[in-house]
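Taking it in order: structure first as structure tokens, then the write-up.
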Amino acid sequence: MITGSFYDETVKKNKAGKQIKKIVILIVEANLLFFIWQLLLSVHSGNSVIGFLQDTITIKSVLKFIVMNESPFNGHLWYLGAILYVLIIYAVADRLHVRKQLYIVTPVLLVGDLVLGKYSLVLLGREFPYIIVRNFLFVGIPYFTIGCLLKQHENWIKEHGKKGTLIGLAILFTATTIPERYVLVSIDMNPTRDHYISSTLLAVTVFVIAVKGIGLFGRKGRIAGMLNTIGRKYSTWVYIIHPIFITILSAIMRKLEVYSVYQFIAPILVYFGLCLWRLHLKLEKELRN
């Protein structure tokens, strides 16, 4: 949604091609990093390098990577492949003047995500591999499109979006996720996919709240400036690196025998740990310069 929101501005600056190139480089760097990381973990566990390569890099895993954006080295890297495909699809759609067709198909893809994902057992009586829907098609295109549409209607949102209503909707959609999960679990029909009906509604509401600058952070001030910097400069690598930090911190907390407590604050510790790491790299670079 965020990438989609900035996309038209990127196109106006003639930077769409540069953005695609940047994502390609990130895909190579991120997959190389996690290839090395998983190899080290595998060897540490007693496996051989040849065994790791044979288990990890297969025809099936390569096809999943190409078709479904599923990285053979770490699952979360699907996002980079998905956003690359979406950027290419939008570039082609704009060249052919058929972007409106992507707008039209977005609701269908959102419903498809639910039907083949979280509600597959309820509606179809079977569970599908989550990579069927966690990819450029069922997640990338619709949410990128939502971001584009929200940006196009930004002035209307700022003028007519009421603070109380938006906060109320955020609370409502957060709350409705709980009974959604409870009902599916209680009837033993809760597939692996973590995307509920309320997820889309909550994502859009939170995005609009950010556009409006509602909340404790507002649109100005030191806290807002800090969050903007983290989001603008660090978010990509925070996302890419975070599983490594989770693995390391989890191992440390188990050694210290405080893992039960750590589980409740893990996201906060990982987030701030990564932000400090990025800040350290920045300061180190400035000192070298």
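So how far, in whole Å, is the C-alpha centre of the stretch 62-125 from the one of the stretch 237-260? What the calculation gives is 30 Å, centre to centre.
Quick one: grab the alpha carbon gyration tensor of the stretch 128-277, order the square roots of its eigenvalues as a ≥ b ≥ c, and give me rounded if a/c is under 1.5, else prolate or oblate depending on whether a/b is larger than b/c. It comes out oblate by the Cα gyration axes. For the chain, which DSSP H helices look membrane-span-like by this rule: Cα extent along the axis of 18 Å or more and mean Kyte-Doolittle of at least 1.6? Helices meeting the span and hydropathy rule in the chain are 197-212.
Rolling a 1.4 Å probe over the protein chains gives Ile88 an accessible area of about 70 Å².
Kirkwood's formula applied to the C-alpha pairs of the stretch 1-92 gives a hydrodynamic radius of 14.6 angstrom.
Taking all protein chains as they are arranged and a probe of 1.4 Å, the heavy atoms of Val211 leave approximately 30 Å² accessible to solvent. Given 20 °C and 1.002 mPa s, compute D for the stretch 3-46 with the Stokes-Einstein relation, Rh being the Kirkwood radius over Cα pairs; round to the nearest whole µm²/s. Approximately 171 µm²/s, per Stokes-Einstein. The calculated FRET efficiency for the pair Gln38 and Arg254, based on their C-beta separation and a Förster distance of 22 Å, comes to about 0.65. Among Ala251, Leu202, Thr3, which residue has its Cα furthest toward the positive end of the charge dipole of the chain, with +1 on Lys/Arg Cβ and -1 on Asp/Glu Cβ? Going by the Cα projections, it comes out as Thr3.
Want the number for Lys162 to Leu124: 0.36 nm per residue separation, take away the alpha-carbon distance, what's left? Please report the intermediate quantities before stating the final value.
Numbers: separation 38, 0.36 × 38 = 13.68 nm, distance 3.92 nm.
So the extension gain works out to 9.8 nm.
The Cα atoms of the chain cover 59, 57, 45 Å along the three principal axes, with the biggest extent listed first. A simple spin-label model places pseudo-atoms 7 Å from Cα toward Cβ; at Ala175 and Arg288 they are separated by 5.2 nm. Past 21 Å, Cα to Cα: identify those pairs from Lys13/Lys151; Lys21/Lys233; Lys15/Lys233; Lys233/Lys282; Lys18/Lys212; Lys15/Lys151, in the order given. From Lys13/Lys151; Lys21/Lys233; Lys15/Lys233; Lys233/Lys282; Lys18/Lys212; Lys15/Lys151, over 21 Å: Lys18/Lys212. Considering the convex hull of the alpha carbon atoms of the stretch 86-144, report its projected area averaged over all viewing directions, in nm², one decimal. Projected over every direction and averaged, the Cα hull of the stretch 86-144 covers 3.9 nm².
The values are calculated or read from the model by the stated rules, or taken from the named source; none is laboratory data. The structure presented is a predicted model; accordingly, all values stated were derived computationally and were not measured. Cβ sites come from the backbone with ideal geometry, for glycine too, and all protein chains shown count toward neighbours. Ligands, DNA and RNA are excluded from the accessible area calculation, which covers all protein heavy atoms including side chains. Shrake-Rupley method; radii C 1.70, N 1.55, O 1.52, S 1.80 Å.
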